[in-house]
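**Student:** Below is one structure. I have some questions about it.
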Amino acid sequence: KVAIASDGMKVSEHFGHCRTYNLYSIKNGVIYQREELESPGHQPGILPPFLASHQVTHVIAGGMGPRAVELFQQHGIDVILGVSGSVDMIAQEFIAGRIVPGVSSCHHIEGDSC
């Protein structure tokens with residue numbers, strides 16, 4: 001199951017600040033279920049176990065801080081960053097193996113609220 005951080009129907013620039021996650025259940029290269037999951041909010045450490053409880057195996061977003069990436073990995077969730085575009089298009093690109101990770105759109109600096 002893939003979770004794409006979403007602002008409307010676009011990939012969110014920052015995973016922890018998005019409004020919703022579009023979840024795509026995939027089997028044999030086909031999306032058999034798509035659901036929208038409302039974000040519980042941006043609280044340190046809450047999102048990895050939250051999405052793990054929904055059986056998410058991959059997370060796609062424009063950006064995410066390095067500590068969040070580490071926490072997702074600890075929950076067995078792969079993270080793909082630097083992605084932009086329509087969430088439905090990105091889901092299809094993921095299935096086709098054509099996602100090209102880029103540079104995270106979130107750059108954490110001391111005192112940054114990102």
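**Student:** Averaging sequence separations of C-alpha pairs under 8 Å and six or more residues apart, then dividing by the length of the stretch 1-63, give the relative contact order as a whole percent. Show your work: numbers first, answer last.
**Tutor:** Numbers: 109 pairs, mean separation 27.3, N = 63.
About 43 percent, as a whole number.
**Student:** Shifting gears a bit: Can you tell me the relative contact order of the chain? Whole percent, Cα pairs under 8 Å, sequence separation 6 or more.
**Tutor:** Worked out over the chain, it gives 29 percent.
**Student:** Send over a whole-number figure in Å² for the accessible area per residue of the chain, probe 1.4 Å.
**Tutor:** Numbers: 6200 Å² over 114 residues.
Using a 1.4 Å probe on heavy atoms only, each residue of the chain averages 54 Å².
**Student:** In whole percent, how big is the carbon plus sulfur part of the accessible area of the chain, probe 1.4 Å, protein atoms only?
**Tutor:** Whole-percent figure for carbon plus sulfur exposure: 51.
**Student:** Between F50, M89, G29, whose Cα lies farthest towards the positive end of the dipole of the chain when Lys and Arg beta carbons carry +1 and Asp and Glu beta carbons carry -1, centred on the Cα centre?
**Tutor:** G29
**Student:** Something else: Could you state the orientation-averaged shadow area of the convex hull built on the Cα atoms of the chain, in nm² to one decimal?
**Tutor:** For the Cα atoms of the chain, the hull's average projected area reads 6.4 nm².
**Student:** Tally the DSSP beta bridges in the chain and give the antiparallel ones as a percent, rounded to 5.
**Tutor:** Of the beta bridges lying entirely in the chain, close to 75 percent run antiparallel.
The values are calculated or read from the model by the stated rules, or taken from the named source; none is laboratory data. Computed from a predicted model, the values in this text were never measured in an experiment. As a convention, Cβ positions derive from the backbone with ideal geometry for all residues, glycine included, and neighbour counts pool all protein chains shown. Please note that ligands, DNA and RNA were not included when accessible areas were found on the heavy atoms of the full protein model with its side chains. Shrake-Rupley method; radii C 1.70, N 1.55, O 1.52, S 1.80 Å.
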